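See structure below.
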Ligand code: ATP
Ligand code: ATP
Ligand code: MG
Ligand code: MG
Ligand code: MG
Ligand code: MG
């Protein structure tokens with residue numbers, strides 16, 4: 001684009017800027033891994049949840065949160081992460097053309113997060129049943145037939161009766177996804193000549209797991225979300 005500056009094509013740039021996400025909308029960017037079903041096969045992920053891969057995804061997202069001051073919250077599971085920007089952010093001139101979900105109010109943001117967490121739950125419950133059945137010797141088509149049109153309650157019963165699994169006791173990381181916040185933490189950066197610790201304040205990404213990230217109690221505990 002550099003060569004376009006001051007050229008007769010300069011006007012094209014104005015088309016790009018027309019897609020500014022206007023206030024009071026706040027910006028959420030959701031990133032989803034491309035073709036991860038295949039990626040997870042090629043790299044022999046543990047199914048349905050490869051904890052090492054989830055932890056790697058979480059560490060990368062924590063690094064993103066620590067790198068970009070404007071991101072105040074993030075939520076992720078499986079191969080996706082949603083990053084919530086503070087309302088007043090001018091990041092990339094607020095351009096919408098980058099997988100931005102614009103949220104007109106805190107209520108819309110809550111609805112968005114509830115939607116993603118619902119997807120996390122539904123996928124994880126299905127995948128847990130799916131892989132238990134496949135690992136117990138059923139074929140993929142038999143498994144799909146068994147799970148077709150089943151409700152949540154039926155899936156829970158299947159897991160309990162066939163495999164003795166109480167779904168609620170599975171790790172929160174799998175069932176609820178991961179939330180990331182920023183906290184100011186005191187960190188020892190070095191020790192002085194007398195051996196005393198030298199401390200600095202640093203922004204650090206902190207994980208929270210919660211059953212209902214769109215719920216009132218969760219938001220009341222996290223006032224920083226109202227920025
Ligand atoms: P100029 O010379 O006018 O600054 P540029 O080519 O540097 O033009 P920028 O708008 O600064 O263009 O963008 C730099 C790079 O960042 C481009 O590759 C662009 O596609 C990418 N980019 C810009 N905005 C976003 C965005 N909102 N999300 C993701 N990538 C973006
Ligand atoms: P698309 O490119 O359209 O996003 P996709 O193959 O990435 O296609 P998704 O709907 O994004 O499809 O689903 C992600 C896939 O990656 C699922 O099949 C899921 O089982 C797998 N996956 C992602 N993370 C993990 C993980 N930590 N452990 C096991 N499987 C995972
Ligand atoms: Mg530039
Ligand atoms: Mg997809
Ligand atoms: Mg994907
Ligand atoms: Mg996905």
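Quick notes on this one:
- Search result, residues across segment 39-60 that are outside any helix (DSSP H, G or I) and either in contact with a strand residue (DSSP E or B) (Cβ under 9 Å, 6 or more places away or on another chain) or over 26 Å from residue 167 (Cβ atoms) (or both): 43
- Residue list for segment 69-81, restricted to those being under 18 Å from residue 101 (Cα atoms) and away from ligand 6 (no atom under 11 Å from the Cβ): 70, 71, 72, 73, 74, 75
- Of all residues in segment 30-68, those satisfying the criterion of being touching a residue at least 12 places away in the same chain (Cβ under 8 Å) and within 16 Å of ligand 1 (Cβ to nearest atom) are 30, 31, 32, 64, 68.
- Top-ranked residue in segment 61-88 [being in a helix (DSSP H, G or I) and within 11 Å of the chain's Cα centre (by Cα); ranked as nearest to residue 134 (Cα to Cα)]: 61
- For residue 181, the test of being surrounded by 15 or more Cβ atoms within 10 Å (Cβ to Cβ), within 18 Å of the chain's Cα centre (by Cα) and either assigned to a helix (DSSP H, G or I) or modelled with pLDDT under 95 (or both) is passed.
- Within segment 89-101, considering residues that are in a helix (DSSP H, G or I) and touching a residue at least 12 places away in the same chain (Cβ under 8 Å), the one surrounded by the fewest Cβ atoms within 10 Å (Cβ to Cβ): 93
- When the criteria are applied in full, residue 174 fails the requirement of being in contact with a strand residue (DSSP E or B) (Cβ under 7 Å, 6 or more places away or on another chain) and either under 26 Å from residue 114 (Cα atoms) or surrounded by 15 or more Cβ atoms within 10 Å (Cβ to Cβ) (or both).
The values are calculated or read from the model by the stated rules, or taken from the named source; none is laboratory data. Since the structure is predicted, the reported quantities are computational estimates derived from the model, not experimental observations. Counting neighbours? That spans all protein chains shown, and the Cβs are built from the backbone with ideal geometry, glycine included.
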